[in-house]
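Everything below concerns the one structure shown next.
What follows is calculated from the coordinates using simple rules that are stated; it is not laboratory data. Here the structure is a predicted model, which is why all the values come from computation and not from measurement. Backbone-built Cβ (ideal geometry, glycine too); neighbour counts: all protein chains shown.
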Amino acid sequence: MIRYILPALLAATPAFSQDLGVCHNIPYSTGNCVRVLACVGDQGLWLDGKARGWDQGTVTALRNDNVVCQGTWDSNGPLGTGRSQIACQDGTSANVIYYNQDNLTGTVSGQGLDSKDRRIQVWTGENVLQFLTAPGAYGPALPCVAGDIPIS
């Protein structure tokens, strides 16, 4: 299920980062897309990307060290759980178990480990930036182990 060979187009960081811009939540559609944000380990590494599809689909993300990651997700687990697997250009991979918070908005939170035994924390959804904005805060921030990381 994990795609280990990344398309050449995605390998080019400028072309990939442009793809991160447009993402529309379209419930019950294979064209559905929601933003994905994740913390990786405790050294300030994080991912920003998209999950596409409905009930299952693809994940594409760019780590803040300019490494492209791509994989799949499937929400057919028991009791509102799902699973995602990704592989990155640098050879690392990760497995995440997530929990559906709100299916219509694509809101999930999850955690897992990467192939370097680093903890992965994941948040997705149409309203993920609002969810990651603490009361009274200036803007959204990823609550990573090494401290909050401002995002936009």
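LEU132: over 13 Å from the mean Cα position of the chain (by Cα), hydrophobic (A, V, I, L, M, F, W, C) and closer than 20 Å to PRO150 by Cα, yes or no? Walk me through it before giving the result.
Numbers: over 13 Å from the mean Cα position of the chain (by Cα): yes; hydrophobic (A, V, I, L, M, F, W, C): yes; closer than 20 Å to PRO150 by Cα: yes.
Judged against the criteria, LEU132 is a match.
Within the range 110-139, track down each residue that is surrounded by fewer than 17 Cβ atoms within 10 Å (Cβ to Cβ), in a loop (DSSP other than H, G, I, E, B) and among the hydrophobic types (A, V, I, L, M, F, W, C).
Result: ALA134, ALA137.
Take the range 75-92 and flag every residue that is touching a Gly at 6+ places or on another chain (Cβ under 8 Å) and in contact (Cβ under 8 Å) with a residue 24 or more places away in the chain. Lay out the reasoning, then the answer.
Let us first name the residues in the range 75-92 that are touching a Gly at 6+ places or on another chain (Cβ under 8 Å), namely 75-76, 82-87.
Selection gives SER75, GLY82, SER84, GLN85, ILE86, ALA87.
Mind checking which residues of the range 114-127 are out of contact with any Leu (no Cβ under 6 Å at 6 or more places or on another chain) and not acidic (Asp, Glu)?
Just the residues of the range 114-127 that are out of contact with any Leu (no Cβ under 6 Å at 6 or more places or on another chain), to begin with: 114-122, 124-127.
Selection gives SER115, LYS116, ARG118, ARG119, ILE120, GLN121, VAL122, THR124, GLY125, ASN127.
With respect to THR30, is the statement that it is in a strand (DSSP E or B) and either hydroxyl-bearing (Ser, Thr, Tyr) or without any contact (Cβ under 8 Å) to a residue 12 or more places away in the chain (or both) true? Step through it out loud before you land on a result.
Numbers: in a strand (DSSP E or B): no; either hydroxyl-bearing (Ser, Thr, Tyr) or without any contact (Cβ under 8 Å) to a residue 12 or more places away in the chain (or both): yes.
So THR30 does not fit the description; no.
Go over the candidates LEU104, LEU142 one by one and state the one that is part of a helix (DSSP H, G or I) and either over 12 Å from the mean Cα position of the chain (by Cα) or aliphatic (A, V, I, L, M) (or both).
LEU104
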